[in-house]
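Report on the structure given below.
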Amino acid sequence: MNELMEVLFGYAQAHLFPGYLCRDEAYVASACCAERQEELVRAALGESGQVHFEALLDELKITQFARDRAAFLCGFHLARELLGV
């Protein structure tokens, strides 16, 4: 992404995504469930397992960020096509 797209994505991520996500009941329920499950897994793991679990969560965050960026770029691309730009 170029610098302008990075700024737009950052704005959307900080100011628009939360508003859309909080309206999605399935997302809200799933996010709460995921937090509870994460706490349970952490409690069940030993110190070594916690290190591996943290590494897994870090990788999942990276892939989710990439998906978010791709979805944003797709939406922007579709908007440009619809506007004929």
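The values are calculated or read from the model by the stated rules, or taken from the named source; none is laboratory data. This one's a predicted model, so the numbers in the text were calculated from it and none came from an experiment. These area figures cover heavy atoms from the full protein model, side chains too; ligands, DNA and RNA do not enter into them. Shrake-Rupley method; radii C 1.70, N 1.55, O 1.52, S 1.80 Å.
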- Message: If I ignore ligands, DNA and RNA and count only protein heavy atoms, how much of Val7 is accessible to a 1.4 Å probe, in Å² to the nearest 10?
- Response: 90
- Kirkwood estimate for the chain, i.e. one over the average of 1/r between Cα atoms, Å: 15.4
- Message: Using a 1.4 Å probe on the protein heavy atoms, what percent of the accessible area of the chain belongs to carbon and sulfur?
- Response: 63
- With DNA, RNA and ligands ignored, accessible area of Ser48 (1.4 Å probe; Å², nearest 10): 80
- With all protein chains present and a 1.4 Å probe, the order of Tyr11, Tyr20, Tyr27 from largest accessible area down is Tyr20, Tyr11, Tyr27
- Accessible area expressed per residue, the chain, with surrounding protein chains retained (probe 1.4 Å, Å²): 81
- Message: If I fit a long axis through the Cα atoms of helix 25-44 and take the longest principal axis of the Cα atoms of the chain, what angle between them do I get, 0 to 90°, rounded to 10?
- Response: 30
